[in-house]
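K.L.:
Take a look at this one; I'll ask things after.
Values in this text are rule-based calculations from the coordinates and carry no lab data. No experiment lies behind these values; they were computed from the predicted model shown. Glycine also receives a Cβ, built like all others from the backbone with ideal geometry; neighbour counts cover every protein chain displayed.
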Amino acid sequence: MYRIAFTMAFLPSWIPNLHPLVVHFPIAMLTAAFVVDLIAFVVPHPSKAGNISTWLYTIGASLAVLAYFSGDAAAQTVSISLDAIPVLQAHSDWAFRATWSFVFFSSIRLAMSYIHPPTTRQRLVTFFIAIVSLCALSFTVLYGSRLVFEYGVGFSGTN
């Protein structure tokens, strides 16, 4: 509890906790990684896009871990109506799935990039895992946006 109070002292008054500040970075980073990965997949000749997407996935997964734990802490500090609890639980569950699938996936991608150049089959498998992970991220975003825009979680007053 002391760490949460310490962190809150450095935040502007209009931000209830750290989660809204950090959550958008992994979403953008992982989406960009997927787009660059798609480009690398369709370009017929070898390019740097594959390495760039690997690093974007790795950085995005690291940021997703930060967003996941800041969201876990945020859930303890905001007031939530009883109607929003199932949505919060779904958001948390999908965030768990998305975060750890991207951590697993980016670890594999990073290891593959240093061990040997991936074969076409390995690229297809990792691309499929990226699609599944991105779907989990999409559900996380869906439930998170519902918490904010339908239930007003994180707002301190009337707008």
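K.L.:
What base-10 log of the normalised intensity I(q)/I(0) is obtained for the chain from the Debye formula, alpha carbons as equal point scatterers, at q = 0.11, 0.17, 0.20 Å⁻¹?
P.N.:
Log10 of I(q)/I(0), two decimals: -0.50, -0.94, -1.17.
K.L.:
While we're looking at this one, here's another question. Below 8 Å, C-alpha to C-alpha, sequence gap of six or more: please give me the relative contact order for the chain in percent.
P.N.:
27 percent
K.L.:
Once the dipole of the chain is set up with Lys and Arg at +1 and Asp and Glu at -1 on Cβ about the Cα centre, which of Pro20, Phe155, Phe104 lies farthest towards its positive end?
P.N.:
Checking the options against the dipole of the chain, the answer is Phe104.
K.L.:
Still on this structure: About the Cα centre of the chain, what is the dipole size in debye to 20, counting +1 per Lys and Arg Cβ and -1 per Asp and Glu Cβ, all else neutral?
P.N.:
480 debye
K.L.:
I would also like to ask the following. Whole-Hz Karplus ³J(HN,Hα) for the stretch 147-153, in order, using 6.51 cos²θ - 1.76 cosθ + 1.60 and θ = phi - 60°, x for Gly and Pro?
P.N.:
4, 6, 8, 8, 10, x, 5
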